[in-house]
Amino acid sequence: MKVVFIGAGSGFGARTVVDLMSFPELRDCELVLVDINPDHLRPVLEYAQKVAVAVGADSAKIRGELGWRDGVLEGADYVITAFSQGGPGYNGVPYYYEINVPREHGIEQRVADTVGIGGVFRVMRTAPELLAIAQDMEKRCPGAWLLNYVNPMSMLTRIICKACPGITMLGLCHNIQYGIRDLANWLKVPYKSLRYECAGINHMDWFLRLEYLDGRSAYGDLLKAIEDPAIYQKRPVQFELLKSFGYFTTESSGHLAEYLPYFLPRERDRLQFFKDARNPERVAPPTQPRWNPDAPLVKELRGEVPLNLKRSFEYGAHIIHAHETDTVYRMHINVMNEQLIDNFSRETCVEVESIVDRMGLHPLRYGSMPIELAALCSNMANMQTLGSDAFLEKDLHKAYLACVIDSCTAASATPATIKTCFNQLLELEKPYLKDYWGDVAPI
């Protein structure tokens, strides 16, 4: 079995190595770690080799590569992607532009990697690389699975599913499995004592059922728990939606606020729900914080602290193990809406409970969501459909329209102001767009 991890120096790389090596059945794999930054590849490769020795994976074949294009994907069974295209994911340029140029026009963002102007420009500069990977997979490893952690998740999933329908594409996130553990913590119960159903779209999934093992709803206790200011302040945006809509949604307050018109457009609301703004540096530090001398991973490498060999909650290695060993594994995956959620368009990328076994991936039908929740998701989904269509059709005007119909952006600026902002970013990001989009001009 061959696994290729593109973007191995990212936050997902080292943990995925540990997760893979935690399964005895996977320890004889060929693992290729890919990162274009040698200063990030070197420590994660050393870390992987140290983990393999620690667990007795003598037959594991682990190597590093500074790129994926020169036949690296040949014969792969699984390709995992967790890269940032154009610069660091959340610091330096072009991310600096995607936060600060909209801010100059009154458009505030807290993360800017999923929807809105930040999400659109991220997909414009990121999708060409992911598409090239998928197309190379079609040639070199057509039966392989693509496990993607890169944002904007929904738009990228839809692009690959449309452009490369023969590829098994799994969009992976961790907001649900970590969300249920947060809920258990606030309820002061073990998370395994809760049953739940969760569905929606990436970064806006809803716990549509949340109950104890005896069938009692846990929502009454949760509403009581958030009366404690110490708990409420951990997720104020989510808890405000809970009080209004009756359901808890998965993503953090910083993410969630920019998907809706309620929390960011007005300064008084920003001051109420957020202590500070997102302020990336124009010039990012040369090394990611996870590889700084005092970072936990580096201390593990130096032998100052024991290796953390505990398996994480991330889905990737669990999916590979289930598929390879015919073990049934349940998780939530981003896939196209093939009769999974009735009151969402078939063009929508949805996040639903799914099963993996040796026979493949089996997304589970949910049915209809409450109409008020579907309405919140649908605006976000329509923006993502338009944004991904803009990429597939190389249509900059559609990309602009995706920004215009985004609910938080629309509540913050006029279409004319959004166009001015869009054109400024086009000019600033020409170096990151030219290979796919050509010589872009103002719309």
Item to check | Spacing of the two label points (7 Å from each Cα toward its C-beta) at Asp357 and Lys234, in nm | outcome: 3.6 nm
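Counting only Cα atoms, I'd like the Rg/Rh figure for segment 176-333, Kirkwood definition for Rh.
Working: Rg = 19.1 Å, Rh = 18.7 Å.
Expressed as Rg/Rh, it is 1.02.
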Checklist outcome for this item: At 20 °C in a medium of viscosity 1.002 mPa s, the chain has a Stokes-Einstein diffusion coefficient, with Rh taken as the Kirkwood radius over alpha carbon pairs, in µm² per second, of 95 µm²/s
Item to check | Residue among Leu433, Asn382, His397 farthest towards the positive dipole end of segment 371-434, charges placed on Cβ | outcome: Leu433
Next on the checklist: Quick check: pseudo-label points 7 Å beyond the Cα along Cα→Cβ at Ser244 and Lys50, how many nm apart are they?
Outcome noted: 4.8 nm
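Which value, in debye to the nearest 20, gives the size of the charge dipole of segment 327-397 about its Cα centre, when Lys and Arg are +1 and Asp and Glu are -1 at the Cβ? Working shown, then result.
Details: 5 positive and 10 negative charges, 50 e Å.
Using only the charged Cβ atoms, the result is roughly 240 debye.
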Checklist entry - Separation between the Asp395 and Asn343 pseudo-spin-labels, each 7 Å from Cα along Cα→Cβ, expressed in nm? => result 2.8 nm
Next on the checklist: Give me the extension gain from Arg311 to Glu267: residue separation times 0.36 nm, minus the current Cα-Cα distance, reported in nm with one decimal.
Outcome noted: 11.6 nm
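For the ranges 272-282, 11-21, 118-128, what's the packing order if you count other beta-carbon atoms within 10 Å of each residue, average per peptide, and put the highest first? Could you put the intermediate results ahead of the total?
Working: 272-282: 12.9, 11-21: 23.8, 118-128: 26.5.
With the highest mean Cβ count within 10 Å placed first, the list reads 118-128, 11-21, 272-282.
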Item to check | Given charges at beta-carbon only (K, R positive; D, E negative), |dipole| of the chain in Debye | outcome: 540 debye
Next on the checklist: Quick check on the chain: of the DSSP beta bridges with both residues there, what percent are antiparallel, nearest 5%?
Outcome noted: 50 percent
Checklist entry - Got a sec? Charge dipole of segment 176-271, +1 on Cβ for Lys and Arg, -1 for Asp and Glu; which of Ile226, Phe245, Ser193 is way out at the positive end? => result Ser193
Checklist entry - Which of the DSSP-defined H helices in the chain satisfy a minimum axial length of 30 Å, computed from C-alpha atoms, and a minimum mean Kyte-Doolittle hydropathy of 0.0? => result 116-140, 371-393
Next on the checklist: Starting from 0.36 nm per residue, how many nanometres of slack lie between Glu281 and Asp221 once their C-alpha separation is accounted for?
Outcome noted: 17.4 nm
Item to check | DSSP beta bridges in segment 112-248 [antiparallel fraction, %, rounded to 5] | outcome: 70 percent
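A short reminder: the numbers here are calculations on the coordinates, not readings from a lab. None of the values given here were measured: they were computed from a predicted structure. Quick reminder, even Gly has a Cβ in these numbers, built from the backbone with ideal geometry, and neighbours come from all protein chains shown.
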